[in-house]
Each structure stands twice: as C-alpha cells, then as structure tokens.
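The values are calculated or read from the model by the stated rules, or taken from the named source; none is laboratory data. Computed from a predicted structure; not experimentally measured. Every residue, glycine among them, receives a Cβ derived from its backbone with ideal geometry; neighbour counts consider all protein chains shown. With ligands, DNA and RNA removed, areas are computed over all heavy atoms of the protein, side chains included. Shrake-Rupley method; radii C 1.70, N 1.55, O 1.52, S 1.80 Å.
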Amino acid sequence: MQAPVKSALCAALCGAFLAVAPAHAQAPAPAVPASAPAAATVLPGDDFFAYVNRDWLATAKIPDDRSSWSSMAQLAEDNSKRIADLIKGVAADRKARGDARKVSDYYAAYMDEAAIEAKGLAPIKPLLAQIDAIKDKTDLTRVLGEGLRADVDPLNATNFFTENLFGLWIAQDLTDPDRYTPYVLQGGLGMPDRAYYLDQNERMAGLRTKYQQYVAAMLKQAGYDNAEQRAAQVMALETKIAQAHGTREDSADVLKANNHWTLEQFAANAPGIDWKALFKAAKLGSQDKFIVWHPSAAKGEAALVASEDVAVWKDWLAFHRLNHFAGVLPKAFGDLRFDFTGRALSGTPKQSDRWKRALASTDAAMDEAVGRLYVERYFPAESKARIQAMVKNIVAAFAQRVDKLDWMAPATRAQAKEKLKTLYVGVGYPDKWKSYAGLQVSRTDAFGNAMRAEQFATAGELAKLNHKKVDRTEWSMPPQLVNAVNMPLQNALNFPAAILMPPFFDPKASDAVNYGAIGSVIGHEISHSFDDQGSQFDAQGRLRDWWTKEDGEHFRKAAAALAAQYSAYKPFPDLAINGQLTLSENLADLAGLAAAYDAYHVSLAGKPVPADADQQFFAGFAQSWRVVMREAALRRGVLTDGHAPAQWRTYTVRNLDAWYPAFNVQPGQKLYLAPAERVRVW
C-alpha cells in the first residue's frame, strides 16, 4: 500500500508540518471523536482548540470515505473538484496537446473501469510471471533490484515507507550538498511501521490477523493456491523484516542516518545479498558511494535474503505487486485493499469515489503538469505578491528574535543569520516546470500508465546523479498540494499555491487573522531551519555542528522541556503523544507562531493596534488547525506521525506570553503555565 505523502507542512524539517491533520500542544481534553458537541461554556484557558472551534466542532462530521476531516481536508477536497473540472475541460478541448493532454488521458484511462475489468489480470501477468520464473537467489536479487523505485523522502517529507525491500532517495549528500547521492533506506513492510508487527497488545494483534487474512485474500483472488499457508509465511517474513527495522525515532535522527558506504563496503557491512547485482539491476551499477540511512536494517534484510526460502520471497513479491497496483486492477483487488487499509487501519467506512482515486493517481504520475493547470486558473499574481511580502516580514522577525537571544554566542548568531540570508523561498509554483515529454501515456491502458509513470519518475531522479550542478530551487511538492515544506539540504522553503487559500490565507480577512493562519505556517517552515534537526544544517545545506558547546546545550535543554510538555498529553488513556518523535514539528510550531506574531505587529508600521488584534491572530491560528479524526486514524498518527495531532498542536499558544492577556487566561485553568514554565527557544 502506498504511504501518505508526508508532507510536509513540514516533514522533517518541514517535511511534515501539514501532513495528516494539524496538531496541538498539550491537550487536557480527550481526543476529538468523529463529531463533537459545541463547547459553549469552555474557557480559552481550559481548551483553546475547543473554544475557538466550538461552532465548527458542533456540526463537523467525517465523510464516510475519510479517516479525518479538517480545514486542510476541506480545502484539499475543494481543490480536487476544481482540478477534476480542469481535466475534463482539457478532455473536451480537441486542440489540447502536450502534458495537458497526457494528464487528461491518464485520468480517463483510470476512470475507464469497464476496460480495466475486461483486461482482468492480463496487464500484471508479465510482472507475476517474472516473479514465478525466479529459481534461485541470483534471480531473486535481480528482481528485487529491478523493483526499486525512488519512492521515499526522509528529510523533506518524512516518508520512510516503501513496499520494496529497500527505499531509494536521490538528494544532495549530507556532508557535500554540492553533489547528488543515492540514499538506501529500510523497506519491505505492508503495514505502516514495525510497531504494527511487534507491539504486544490486543489491538495490534487484531490488525496482524486482519493483515494476514488480507494477504491470503489477495493471493487467492489472483489465482494462487494454498493462499492461507502462503500468507502465513509472508507474515512471518515481514515480522522478521520488522525486527530488523529501526524505530520511527531512529529514522528521524539524521545523525544516525549519515552512514557513507562504498559499493565494496556493502558486502562486508551487510552480507547476504549480491549488492553489485542488486544495484546493477536498479540502474545504480556505476555508483560507488551511497548513504545508508538504516544500516541495521540493511544488514538484517540482507541476511534475510540469504536465509529465507526463495519460495517465500516469491510470494512476498507477488502479494506486494498486487497490492501496489490494486487501484488499476479489477475492482475486486481495489476493494480488498480498501477493506484493510481503509477500514481496518484507518477506520474509514467507505472507499473514496473513483474520480478522487483517479485524480490522486494522476497527481502522483504527473504532479507538476496537473499543478500547472491549477496555477494558471486559481493562483493570481496578487496573492503571490502578498505572500512574498509576508514571508519577507516573518524572516525579518525571526532574524530580530535571533538578535535578541541573550544566551546565544556571536559566532552561533552569525551562522543563524547567514541561514536566513541565503534562504530560498518558493511561493506558489516552481521557477522551472518539469517536462513529461518522455512519458508515454495511453487513454486505454491504466495499468501501463501507472507503471510507466513510476519508471519515468525514478529515471528522472537517477539522472540527477549525472548532473554536475545541484538545483537548489527545485521543488519537492507540487503547486496543487495543500501543504508546505522546508528542505534542509537546499536551505529552501516551498509554499504551494493550494495552501494559499482560505482558511490559511484569505485576501478578504484581516492581517491579524492571516498572520495567525498562513503566517504561522510560514513561520513554522522558516523555524524548521532551526529545530532539533534543521539546526544541524548550515547555510549551504551541509550537515555540520555550527553551534558553540554552550549554545547547543542551552538549545537541547529548552527542546527537552518542550518534548516533556508534549509527552504529557494523552489522547487516549493507554496512548500518549511521543514528545521526542514530534519534537521537530512542535519546535517549529512554537517558534513559527512567535515569529508570525512579531511580524504582524511590525507590519502595522506604527499604526494603532486594533483592540482585538491579538485575539484575531491566535484565533486564526487555531481555526486553521480544526480537525476531527476517527479513533483508528488518530492512534495510527500518534504512533507513526512526526506531528502531534492537530488539537494538541494548537495548545502551543500556552507558551506565548501575549496569549494570556488576549484571552484573560488565569492560574488554575488547564492550559495555564507560570511564566517560568513557558518554553522559550527562539
């Protein structure tokens, strides 16, 4: 199954700010259910999230085809309808050519369910035959290598998930950002994380049973005999893979990821696979240097290739090919996948409409071609200019906050200011658009389109390895994505056009509301350059320690206090937020909101501050993060997402002094913190 794009509203450095749903700081209240009653009498100092969003929460309902509903989800839904209409317009335009026509044809092929049903399993049979022809470990290694795709992004999107045995990422070298390097990450699981295989509790045990049943059902649907026995063996293999995997916290620690291996070192460090053959099959045979993000997983998974029966690996491959392409196979396969990934994993009762799945697949295949259609219709130049002005103000405000830090040494301050000075900020859409001229798209071949699009994307990433110059202005997310991102290796930010709309940015709203909403998002992404991970990269995107020893210790102490604050929040009696896992995002939320607040007041340029300006500012922040979630989805997010859930995320206001007089928050109220207990970092 495909992992959600993590986004990012910052994932990692920002790779994940907006990922699933907003999160907030400490939450004295229980998790928000599918619908919540109006909190007519709640005080802002007891539950700021419920106070600001009480009317919305009173009527909010999660659509049957979703695991959550939020401001972001509503905006994404509206944008999806706009884009679908744009694609239909292209289809009706006989003069349409080039990438726009390919977008239309890709979408149309996915929508042609009758043609997909008529073809049955014929499109995937060559892949299954290739697997069936595997006779030994040499054949197995070749097929494993040929299946690798550039399908993960640990820094910009905090996306570590791939069904392939290893994940591949092409990006700047951590210590030499002037050249591109291939990164190897752990992979091979069908469920979201190792915890789903290894945690010993009733809920996870139940999901493991359902997953094994799902594997069996998929294999049986494809005509494999002894499906239950095969599924049990696949489950046993994946459990061993999970045992070799690093934890989610380890994955997020970039210092643990900085492992440079030459091609020759793979054999010594991770015996069991013919690595030269694997990389040759993956079209990486000419590469001598790699970064291995998960060395323990590389070692463990290589050993499993050597120790486990070829027949079991073949069944594992067959299932994952079927699972991965289920959306472009006959309906029975898509329904089976949804029954597990939707109902069991996320608690979603209804599969999304076909047009939504078609659009998601088209987006994945030709993201910037779709984005170009969107921008031309829905992103006016005036909006870009206003956002650019806000960015300038918030960067300046952050710089002023750095200047006022009495604990920071001049040498560290100079390096921090240099990062801000050299920061690239992309607003709306890329400076240069991708071309899909080399991608073959057929109006009658949904399966072939999906497979070719993945191959085309990976080939494009591999081609970077031959580039002599790194493009620091390259975007990592398309304009039509409701999200934002900080890219530490490029020292760059992206604010896609799709998030620059209400409720995040409303041209008709007051500046106070906009600075609280989109301003806090901008500040969040800027702040990712200085969170627990971003602070480890310098102005050129190089992973190095540019802090004095004393400054580093002060920063870590403040960060630890914020981690402890979030670890005290318990969405469920048996499940608390992991303050360390969510630390990067929580730091960015706190610093970003503070910088946006300062920037708003500076933007007034001496004009009188409206009496209710601070209330509007903080309300704008909390309103942009309103969300309701199904229990299964919330539990999954708490376990695997680098962001705190949205409700708790808004509670970071309790660390800002200005919030207290704005809402008359008093001692004894649940969110009240004494001045000495408020976390202050930047």
(Q) Going residue by residue through segment 480-498, is there one that turns out to be buried (at least 22 other Cβ atoms within 10 Å of the Cβ) and in a helix (DSSP H, G or I)? (A) yes
**Q.** Residues of segment 225-234 that turn out to be open to solvent by 20 Å² or more (accessible area, probe 1.4 Å) and part of a helix (DSSP H, G or I), as a count
**A.** 5
Q | Qualifying residue in segment 124-140 (condition: without any contact (Cβ under 8 Å) to a residue 40 or more places away in the chain and assigned to a loop (DSSP other than H, G, I, E, B)) | A | yes
Q: May I ask you to list the residues in segment 470-479 that are open to solvent by 10 Å² or more (accessible area, probe 1.4 Å) and either over 15 Å from N159 (Cα atoms) or free of Cβ contacts under 8 Å to residues at least 12 places away in the same chain (or both)?
A: V470, D471, R472, T473, E474, W475, P478
Q.
Checking the condition modelled with pLDDT under 95, over 26 Å from I522 (Cα atoms) and either open to solvent by 10 Å² or more (accessible area, probe 1.4 Å) or of a type in the set (S, T, Y) (or both), which residue from T348, T362, T412 passes?
A. T348
**Q.** Checklist (1) under 20 Å from the mean Cα position of the chain (by Cα); (2) basic (K, R); (3) at pLDDT below 95 applied to R203, failing item
**A.** (1)
Q. Which of the residues that make up segment 235-246 are assigned to a loop (DSSP other than H, G, I, E, B) and either of a type in the set (G, A, S) or modelled with pLDDT under 95 (or both)?
A. G246
Q) In segment 378-388, which residues are farther than 13 Å from V425 by Cα, in a helix (DSSP H, G or I) and not acidic (D, E)? A) Y378, A381, S383, R386
Q. What are the pairs, 6+ residues apart or on separate chains, where a residue within segment 321-347 that is of a type in the set (D, E, K, R) has its Cβ under 8 Å from a residue that is outside any helix (DSSP H, G or I) and open to solvent by 20 Å² or more (accessible area, probe 1.4 Å)?
A. D335/Q351; R343/P349
Q) Which members of segment 167-190 meet the condition of being among the hydrophobic types (A, V, I, L, M, F, W, C) and in a loop (DSSP other than H, G, I, E, B)? A) L174, L189
Q) Any residue at all in segment 191-202 that is farther than 16 Å from E454 by Cβ, part of a loop (DSSP other than H, G, I, E, B), open to solvent by 20 Å² or more (accessible area, probe 1.4 Å) and among the acidic types (D, E)? A) yes
Q: Kindly check whether there is at least one residue in segment 136-152 that is under 27 Å from K464 (Cβ atoms), out of contact with any helix residue (DSSP H, G or I) (no Cβ under 7 Å at 6 or more places or on another chain) and modelled with pLDDT under 95.
A: no
Q. Can you name every residue in segment 394-409 that is of a type in the set (D, E, K, R) and exposed (fewer than 14 other Cβ atoms within 10 Å of the Cβ)?
A. D403, K404, D406
Q) When segment 320-345 is examined, which residues are found to be in a loop (DSSP other than H, G, I, E, B) and surrounded by fewer than 19 Cβ atoms within 10 Å (Cβ to Cβ)? A) P330
Q.
Please go through segment 203-212 and give me each residue that is open to solvent by 50 Å² or more (accessible area, probe 1.4 Å) and either in contact (Cβ under 8 Å) with a residue 60 or more places away in the chain or among the aliphatic types (A, V, I, L, M) (or both), ordered by number.
A. R203, K210
Q. Looking at segment 94-119, which of its residues are over 29 Å from the mean Cα position of the chain (by Cα), open to solvent by 20 Å² or more (accessible area, probe 1.4 Å) and more than 25 Å from P496 (Cβ to Cβ)?
A. R94, K95, R97, D112, E113, A114, A115, E117, A118, K119
**Q.** Given (1) open to solvent by 60 Å² or more (accessible area, probe 1.4 Å); (2) at pLDDT 95 or above; (3) in contact with a Ser or Thr (Cβ under 8 Å, 6 or more places away or on another chain), number of the condition L43 does not satisfy
**A.** (3)
Q) From the list Q221, Q287, which one is open to solvent by 20 Å² or more (accessible area, probe 1.4 Å), closer than 30 Å to D545 by Cβ, in contact (Cβ under 8 Å) with a residue 24 or more places away in the chain and not basic (K, R)? A) Q287
(Q) Looking at K88, K137 in this structure, which one is more than 24 Å from M477 (Cα to Cα), more than 27 Å from the chain's Cα centre (by Cα) and open to solvent by 20 Å² or more (accessible area, probe 1.4 Å)? (A) K137
Q: Within segment 581-626, work out how many residues are out of contact with any Pro (no Cβ under 6 Å at 6 or more places or on another chain), surrounded by 24 or more Cβ atoms within 10 Å (Cβ to Cβ) and outside any helix (DSSP H, G or I).
A: 3
Q: Determine which member of the set N156, N164 is surrounded by 23 or more Cβ atoms within 10 Å (Cβ to Cβ) and either outside any helix (DSSP H, G or I) or among the basic types (K, R) (or both).
A: N156
Q: Within segment 46-64, work out how many residues are open to solvent by less than 30 Å² (accessible area, probe 1.4 Å), outside any helix (DSSP H, G or I) and more than 11 Å from R626 (Cβ to Cβ).
A: 2
Q | Residue among V375, V425, V391 that alone is open to solvent by 30 Å² or more (accessible area, probe 1.4 Å), of a type in the set (V, I, T) and either under 21 Å from W475 (Cβ atoms) or assigned to a loop (DSSP other than H, G, I, E, B) (or both) | A | V425
Q: Out of G460, G523, G448, report the one residue that is under 24 Å from the mean Cα position of the chain (by Cα), under 30 Å from D112 (Cα atoms) and part of a helix (DSSP H, G or I).
A: G460
Q.
One residue is enough: does segment 526-543 have a residue meeting the conditions more than 30 Å from P182 (Cβ to Cβ), part of a helix (DSSP H, G or I), open to solvent by less than 10 Å² (accessible area, probe 1.4 Å) and in contact with a Lys or Arg (Cβ under 9 Å, 6 or more places away or on another chain)?
A. no
Q: Check whether at least one residue in segment 664-681 is out of contact with any Leu (no Cβ under 8 Å at 6 or more places or on another chain), of a type outside the set (S, T, N, Q), open to solvent by 60 Å² or more (accessible area, probe 1.4 Å) and at pLDDT below 95, and report yes or no.
A: yes
